Amino acid sequence: MNKIETANVNLHYGDFHALKGITMSIQENSVTALIGPSGCGKSTYLRLFNRMNDLISNVEITGDVLVEGKDIYERGVDVDELRKKVGMVFQKPNPFPKTIYENVAYGLRVNGIKDKAFIEERVERSLHQAALWEEVKDKLKKSAFELSGGQQQRLCIARALAIEPTVLLMDEPASALDPLSTAKIEELIYELKNKYTIIIVTHNMQQAGRVSDRTAFFYMGELIEMDETKMIFTNPKNLRTQNYITGRFG
Amino acid sequence: MSHLDTELKYLKEELIDMHRLVRLQVSKCKDALVGFDNDLAREVLATERRVNALELKIDRDCENILALFNPVAIDLRFVLAALKINSNLERIGDNAESIARYVMDVTEPFPLEFIKKYEISEMADIALSMLDDAMQALEQEDTAASRKIFMKDDLLDAINKKATDTTILLMESKNNRPLHFLNLLSIVRKIERIGDQTKNISEEIIFYIEAKVLRHGGEDR
């Protein structure tokens, strides 16, 4: 089943045509990697799904963007509700200046949940899901800044998971991390796909190979090719995809 | 277990399935030959298609693992070894098929006394035991089992060497059946090839586990 669909999406930043007629389907409980050189539109495309692009002035979007069959750019769509459903993890870990516990509980609290036992249960579950619980269970009241970069990133994933989204957007989630932390994040993505639909932007092609089921290659705002990751990495149909993944340009 | 570990485990399971299937082919072609059992020989021919399909599948899986996971060190050696083990197993399957074809093609059974003279049963048993050692080596990462194969291959080589003289002697005898002799000589050669291919598998297992290259006398066994 398709969780997300876009049909002929065009996006302009003023005069700059950043996305050119993108049509794509993303299956539920799968990992989709978006790859391409800098400025190709992959992050812009990712930010369509939680309407992050709305925060930039001069943006004009046309076409259909459907999440669970509903057009999220329709008039009257509650963006806060959308962002509960579509969580996001950024390139640099960005924990709040709070305790580890409060970082994860934050999303629940701003959504008006006050039941302490409920919050406690959800915090623990989210930290488990983010493969962080064992490392932090004895220091939940410590500042999140005491954690390493890799742990902070997993904390941000736990924070995103706490409000039980069904889609997780990841914008280069491991590019600021060392190889061991990167491996942990990648394993986590592999585990999480059983429950979530994950879209990941990455500059690291090996990472796209390791974590994703399907890969989409973007170039200059166009979707050049999308296929099963193993096809993209063994037998891409488009010469530009082949040149990019073999490092011959980009 | 990491994603790569899961893929490698699956690849190893596939390789073991392939090994079992090919071993069964060799065992059936021996029984078909000794018992002159046409039905069994036909079964070997029919199963050969499965061996070929499995070879293609394992090749494809190796290609995907290399392209998607860029394995290194022991993981890389395992995938490289898997490619070669797979190809050797497929060739062993081809040899079993050829032997089965001899059983199908001749109009009268090979007389048992000739089979005995060429020591074909003994050869087939040695080859099967080599395949068992290779299986144990692969399943349990047991290079001692792998090394047993080299000595057994020497036994096959020795019998193979004698086969030409045996043929000459038999052709000079009163009971001259040249077609049988030539067919049996070919069968001996094929079993000897099965031994060589099993030895190749053994070298690949040692390469994967110990990072030693034994091919072409590269390092001491």
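The values are calculated or read from the model by the stated rules, or taken from the named source; none is laboratory data. Computed from a prediction, not measured in an experiment: that's the story for all the values here. Every residue, glycine as well, gets a Cβ built from its backbone with ideal geometry; the counts of neighbours run over all protein chains shown. Note: areas computed on protein heavy atoms with side chains; ligands, DNA, RNA excluded. Shrake-Rupley method; radii C 1.70, N 1.55, O 1.52, S 1.80 Å.
Here are a few things to note about the model shown:
- Ordered from highest to lowest accessible area with the whole protein assembly present and a 1.4 Å probe, A:TYR190, B:TYR208 read as A:TYR190, B:TYR208.
- Accessible area (Å², 1.4 Å probe, nearest 10) - A:THR197: 0 Å²
- Shown for the stretch B:1-49 is the translational diffusion coefficient from the Stokes-Einstein equation, using the Kirkwood radius over Cα pairs, a temperature of 37 °C and a viscosity of 0.692 mPa s: 266 µm²/s.
- Using every pair of separate Cα atoms, the Kirkwood estimate puts the hydrodynamic radius of the stretch A:97-145 at 10.9 angstrom.
- Sparse-neighbourhood loop sites, trypsin sites (Lys or Arg not before Pro) in the stretch A:13-101 - DSSP loop, at most 12 other Cβ within 10 angstrom: A:ARG75
- Rg over Rh [alpha-carbon atoms, Kirkwood Rh] for the stretch A:186-244: 0.98
- Accessible surface of A:ILE157, taken over heavy atoms with a 1.4 Å probe and every protein chain present, rounds to 0 Å².
- Converting phi to 3J(HN,Hα) with the Karplus coefficients 6.51, -1.76 and 1.60 and the offset θ = phi - 60°, the stretch A:170-184 yields 10, 9, 6, x, 10, 6, 9, 10, 6, x, 5, 5, 4, 4, 5 Hz in sequence order, with x at every glycine or proline.
- Looking at chain A, the DSSP beta bridges with both ends there are about 60 percent antiparallel.
- Summarised as an ellipsoid, chain A has semi-axes of 31, 22, 15 Å, derived from the eigenvalues of the Cα gyration tensor scaled by 5 and square-rooted, with the largest first.
- Relative contact order (%) - chain B, alpha-carbon pairs under 8 angstrom, separation at least six: 25 percent
- Per-residue shielding of A:226-236, expressed as the average number of other chain Cβ atoms within 10 Å of the residue Cβ, stands at 3.
- Rounded to the nearest whole Hz, the Karplus-based 3J(HN,Hα) values (6.51 cos²θ - 1.76 cosθ + 1.60, θ = phi - 60°) of the stretch A:62-74 follow the sequence 10, x, 10, 10, 10, 10, 6, x, 10, 6, 7, 9, 5, with x at glycine and proline.
- The protein assembly as shown: antiparallel DSSP beta bridges as a percent of all, rounded to 5: 60 percent
- Dividing the Cα radius of gyration of the stretch B:1-153 by 2.2 N^0.38 Å, with N the residue count, gives 1.18.
- Under 5 Å between amide hydrogens, built in the peptide plane, is the criterion, and for A:TYR219 it picks out A:ILE224 among residues at least 5 positions away or on other chains.
- Within the accessible area of the protein assembly as shown (1.4 Å probe), percent carbon and sulfur: 51 percent
- At a probe radius of 1.4 angstrom, the accessible area of the protein assembly as shown per residue rounds to 46 square angstrom.
- Relative contact order for the stretch B:79-171, counting Cα pairs under 8 Å that sit 6 or more residues apart, in percent: 23 percent
- Here is the interface size for B with A: some 900 Å² of accessible area buried, both sides summed, with a 1.4 Å probe.
- As a length-normalised measure over Cα pairs under 8 Å and 6 or more apart, the relative contact order of the stretch A:66-161 settles at 41 percent.
- Based on every Cα atom in the protein assembly as shown, Rg and the maximum pairwise Cα distance Dmax equal 30.8, 103 Å.
- Per residue of peptide B:62-69, the mean number of Cβ atoms on other chains within 10 Å of the residue Cβ is 5.
- Occluded residues from the stretch B:1-37, i.e. those whose accessible area drops by 20 Å² or more once the chain is not alone (1.4 Å probe): B:SER2, B:HIS3
- Residues of the stretch A:175-200 that bury at least 40 Å² of accessible area once all protein chains are present, compared with their chain alone (1.4 Å probe, heavy atoms only, ligands and nucleic acids left out), are A:GLU187, A:TYR190.
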